[in-house]
């Protein structure tokens, strides 16, 4: 079947992406060609179709989940820290062979990274094409339009940037507040495109130079522009530093998020035989009760071994919380401001065992230490967390970065607290980000403790006030300084 498809397309290999034409991180699964092909539902990771195999590439967050979800015949390539997906893909492509890529589902920057391959851009995605126009009448004005005046005409396709500049939000899609549109802007006007065909016609007819960011414009749109000028988006940096008004809005949003999380903790304490699905359903109800417009992402409710999957997404009806079980809950919501909240807590049903307390306390110590440290760059915080967690408890690993930026999207960059290039961006006042150390063992369980934070006067402050689970804390493992730091957060 795959051979027939490759022959039809006139290619030797086919890259199958997880994204849509807007290159968003969390498209609907109906738009996700990689999911259609492989059955893997994670947020990142693409597939390569060859003459005899289908390869799925996933990072450390998804190694176990991919093994559980992929369809028969799919080979999972498990990337390790430091390995780059596209470099590994290129190793599988033989010289002088043709790689097919759907033009609307790859950024121009990523496309140019395949410089050692013969590329055939495909106007259609035959695995799973999806194009939709969006009605601008449903957009809500939540803030004033930003007074941004570019030096030359710009075409902006990053949805968070478009939403930021226009001050508009769209709550019609679950797990999103961004507007689904592209934006032309020059010194005197803005033009918003919600219809793909109108946008294409505009780009074809536009004369003169047009500034674009190759990292966020898809290759199809880029090819329509007569005189594209690439510049890394300056809006990313503007958007990363929140206004005092946005910080205030975030504080109010997290007050409500904390209430929803506390309510779900009480629900777990009061009820027996709850499934992951039951808890996730009740959690959504609690968020709505406290004023959420929608979730900021599909909640992760993971019991026991499932909690070792960093981005577990099943919320099964068959996995039941039993006496002594751990449950990891990673969740968030959108409120009136359209800013995404994000928090992770771990609870235990009944009495914990010694290993659960040891792992939980070790992760808590990593949070307290990084939260109370002062560095100029995100990679230093990440390095500190790994020094506390790596190779400290046999069988348990910390296989992801320490944190990410938050804003209109639940994952934004800059800032970043990991070892990427973006993490070398200075952490400035009013930047908002998560600190989320974790330890995971697929044979037992995982613990992640995540607070969303902001920087002010060179000090990190937590939006999250939700406390920590007292019965999971081994106080003998805490130093006097760590006990003092813990007083900022209520012990439950």
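Of 25, 436, how do they rank once you tally other Cβ atoms within 10 Å and put the fewest first?
Values: 25 14, 436 26.
In increasing order of surrounding Cβ atoms, one gets 25, 436.
Counting DSSP beta bridges in the chain, what percent are antiparallel, to the nearest 5? The answer is about 70 percent antiparallel.
Averaging over all projection directions, the Cα-based convex hull of the stretch 333-436 occupies 7.9 nm² in the image plane.
Quick one: order 468, 250 by neighbouring beta-carbon count within 10 Å, fewest to most. Don't skip to the answer; put the middle values down first.
Working: 468 19, 250 23.
Fewest to most other Cβ atoms nearby, the residues stand as 468, 250.
For a modelled paramagnetic label at residue 387, 7 Å from Cα along Cα-to-Cβ, the residues of the stretch 438-464 in reach, with backbone nitrogen under 18 Å, are 438. Exposure proxy shown here: for 161, 245, the number of other Cβ atoms within 10 Å sets the order, fewest to most, as 245, 161. For the pair the stretch 304-365 and the stretch 142-164, the centres of their Cα atoms are 37 angstrom apart.
With both partners inside the stretch 177-269, how many of the DSSP beta bridges are antiparallel, as a percent to the nearest 5? Can you show the working numbers first?
Details: 4 of 8 bridges.
About 50 percent, rounded to the nearest 5.
Could you estimate the translational diffusion coefficient of the stretch 244-486 from the Stokes-Einstein equation, with Rh from the Kirkwood formula over C-alpha pairs, at 4 °C and 1.567 mPa s, in whole µm²/s? Present the calculation step by step, with values, prior to reporting the outcome.
Details: Rh = 17.9 Å.
Result for D is 72 µm²/s.
Here the stretch 47-159 is treated as an ellipsoid with the same Cα gyration tensor; its semi-axes, largest first and in whole Å, are 34, 20, 17. Against the chain, whose longest principal axis comes from its Cα atoms, helix 276-289 is set at around 80 degrees.
Any chance you could tell me what percent of the C-alpha pair distances in the stretch 136-235 go past 16 Å? Spell out each step's value before the answer.
On the way: 2717 of 4950 pairs.
Taking all Cα-Cα pairs of the stretch 136-235, the fraction more than 16 Å apart is 55 percent.
Since every read-out is calculated from the coordinates, none of them should be taken as a lab result. Bear in mind that the values here come from a model prediction, so they are computed numbers and not experimental data. No Cβ is skipped: glycine too gets one built from the backbone with ideal geometry, and neighbour counts run over all protein chains shown.
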